[in-house]
Amino acid sequence: MRVMLNAAALTAIREKDGQSQAELARNAGVDPTNLNKYESGKKNAGAVVRKRLAVALNVRLSAIEAQLIEAPEPPAEDIAA
């Protein structure tokens, strides 16, 4: 299972909390340009950054994460010539 940042949840929680992107970036210690990319889904935040964002928003980490279940690789088929 792969854990990623849930961009839509991050944006919604930030807006509900009344923080601008600049304020959240400062409070979480992240680059404002990267925060914009996290919220737009153009970049994924690593585990440490996700934790800092959650702390700055005063929410559980799971509130801003999306857990992706990766599908197993299909078995390779033998191709008879």
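Please treat every number below as a calculation from the coordinates, not as lab data. What you see is a predicted model, and the numbers here were worked out from it, not measured in a lab. Neighbour counts run over all protein chains shown; Cβ positions are idealised from the backbone, glycine included.
Here the label points at residue 55 and residue 16, each 7 Å from Cα along the C-beta direction, are separated by 2.2 nm in the simple model. Normalised by the number of residues in the range 18-72, the mean separation of alpha-carbon contacts (under 8 Å, six or more apart) gives a relative contact order of 27 percent.
Distance from the C-alpha centroid of the range 40-69 to that of the range 18-33: 13 Å, rounded to the whole angstrom.
Were the residues from residue 36 through residue 2 laid out at 0.36 nm apart, the gain over their Cα-Cα distance would be 10.0 nm.
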